[in-house]
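Accompanying notes for the structure given below.
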Amino acid sequence: LALLIVALSAAPARAQDSDQSRYYLHLRGHGSSPFTDVHDLLGASVGVNFNRYWGVEFAVDGFERRLERNGRELGEYVVAPLVPQVRFRYPVFDGRLTPYVLAGVGAAFTQFNDRKAPAFGVSVDTPASTVVGVLGGGVEYFLADNVAAGVEIKYLIAGDQTIRINGVSRSEDLDSLYTAFGLRLFFPEHKRAAPIEAPDGIPGRFYIGIQAGLALLTDADSMPGVELRPEPAALGGSGNYFIGAVIGADLGRHFGFELMGGGYEVRLHVPGRGSVGEEAIYTIIPQVRARYPLLNGRLSPYAIAGVGAGYAEFNDRKPPGVGLDIDATSWGVAATVGAGLEYLVASNIGAAVEARYLTSRGHTIKIADGRTESAHIDAVLLTVGLRVYLFDLRF
């Protein structure tokens with residue numbers, strides 16, 4: 001919906017591809033597809049366009065496949081291709097629409113994790129890496145001279161991989177077709193525009209953005225009879241990975257509103273038994289954002305606060321949780337408060353660092369004995385992010 005609004009509102013005089021050499025950052029993602037066996041795709045590329053048609057990039061993607069035996073899911077098979085690519089594009093409609101094709105050869109790292117009940121007590125050995133090739137293409141529409149939105153499709157050529165299940169070898173075809181929606185951000189701009197600071201009316205800027213960082217738990221004993229612990233892959237042993245997205249608008253020089261959504265995961269640990277599973281915490285929160293622009297609007301310290309909804313979901317049961325009656329999925333009320341610092345690296349692209357306190361309250365948990373207890377999940381979020389300002393608002 002956001003991209004549709006943008007496409008209908010973009011100024012075509014400035015929205016076009018370029019003949020000049022420019023660097024770019026491409027961010028993309030897609031959830032589960034009903035047409036392929038690829039789930040939870042996230043990817044990014046850094047690259048350079050040498051001229052109107054040719055360029056190169058280094059692409060990193062990550063997605064999951066479902067590993068099955070006899071029709072039963074054993075767990076998730078993570079595939080992470082790292083591929084240098086050549087990209088050929090052919091801009092049309094005065095450079096506003098750019099179809100392209102790409103190809104490359106690189107390596108993919110693989111890992112089996114989040115095993116399901118049929119794999120408890122089963123030995124599963126997978127290769128750590130493999131050589132892969134990539135063929136693909138896409139099409140992008142330029143919303144501004146340095147921002148393009150588009151779709152991309154890739155085919156990963158990985159061939160058959162040997163997997164050993166309880167010492168018995170089997171072949172697993174890792175060839176994968178996957179699609180993604182993305183934004184490509186170019187540097188430098190054709191002609192830098194000053195940050196919007198109109199003297200009258202209520203000027204505003206509509207934006208979308210992403211965040212990534214760490215969630216540090218502040219109350220490990222908030223669930224009765226259960227300890228909240230970081231995931232094994234947590235950075236530094238305590239920083240659970242957080243990812244979020246935002247859509248909003250700055251209204252006037254100092255205030256704005258945004259809708260923030262995001263999530264992270266922790267482990268549920270029962271003393272004397274072990275980790276019984278994982279708890280995913282998702283929140284969606286309307287926020288007020290107060291800014292104080294400096295340096296002609298280039299630098300903006302800001303504060304945020306909001307109240308919304310939180311959802312806690314129990315998933316990925318572990319072997320210590322087998323046979324244990326666990327109900328830890330519920331809705332609650334979420335609230336956040338924090339501050340950040342944003343710097344405009346282009347007239348319409350802001351890079352930010354942010355720290356905020358996030359609490360999700362009113363959840364319930366029941367384990368084994370049938371008693372239902374109230375619970376809450378609190379964390380400090382430390383993130384970096386980008387806001388892409390897509391068009392100006394006038395009232």
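How would you order 253-260, 164-171 from highest to lowest mean count of nearby Cβ atoms within 10 Å? Could you put the intermediate results ahead of the total?
Details: 253-260: 17.4, 164-171: 10.6.
The packing order, highest mean first, is 253-260, 164-171.
Ignoring any ligand, DNA or RNA, what whole percent of the accessible area of the chain comes from carbon and sulfur when the probe is 1.4 angstrom?
Numbers: 11120 of 17680 Å².
After summing per-atom areas, the C and S share lands at 63 percent.
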Checklist outcome for this item: Along the dipole axis of region 10-139 (charges at Cβ: +1 for Lys and Arg, -1 for Asp and Glu; origin at the Cα centre), the most positive-end residue among Gly55, Ser123, Pro84 is Gly55
Item to check | Quotient of C-alpha Rg and 2.2 N^0.38 Å, computed over region 317-395 | outcome: 1.74
Checklist entry - What does the accessible area per residue of the chain come to in Å², with a 1.4 Å probe and no ligands, DNA or RNA counted? => result 45
Checklist entry - If the cut-off is a Cα-Cα distance under 20 Å, which aspartates and glutamates reach Lys366, setting aside same-chain residues fewer than 8 apart in sequence? => result Asp219, Asp221, Glu227, Glu265, Glu278, Glu279, Glu313, Asp316, Asp325, Asp327, Asp378
Next on the checklist: If each residue of separation counts as 0.36 nm, what is the full-extension length gain between Trp331 and Tyr53 once their alpha-carbon separation is subtracted?
Outcome noted: 95.1 nm
Checklist entry - Between rounded, prolate and oblate, where does region 1-156 land on the alpha carbon gyration tensor, with a ≥ b ≥ c its root eigenvalues, rounded for a/c under 1.5, else prolate if a/b exceeds b/c? => result prolate
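How much length is gained if the chain between His39 and Val168 is pulled fully straight, taking 0.36 nm per residue apart and subtracting their Cα-Cα distance, in nm to one decimal?
On the way: separation 129, 0.36 × 129 = 46.44 nm, distance 2.66 nm.
Residue separation times 0.36 nm, minus the Cα-Cα distance, leaves 43.8 nm.
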Item to check | Sparse-neighbourhood loop sites, trypsin sites (Lys or Arg not before Pro) in region 332-386 - DSSP loop, at most 15 other Cβ within 10 angstrom | outcome: Arg371
Checklist entry - If each Cα of region 155-266 is one equal point scatterer, what is log10 of I(q)/I(0) from the Debye formula at q = 0.23, 0.24 Å⁻¹? => result -1.18, -1.22
Item to check | Restricting region 65-136 to trypsin sites (Lys or Arg not before Pro) in coil, as DSSP defines it, with at most 14 other Cβ within 10 Å | outcome: none
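The values are calculated or read from the model by the stated rules, or taken from the named source; none is laboratory data. Being a predicted model, the structure only gives us computed values, none of them experimental. Glycine gets a Cβ as well: all are built from the backbone with ideal geometry, and neighbour counts include every protein chain shown. Just the protein is used for accessible areas: all its heavy atoms, side chains included, with ligands, DNA and RNA removed. Shrake-Rupley method; radii C 1.70, N 1.55, O 1.52, S 1.80 Å.
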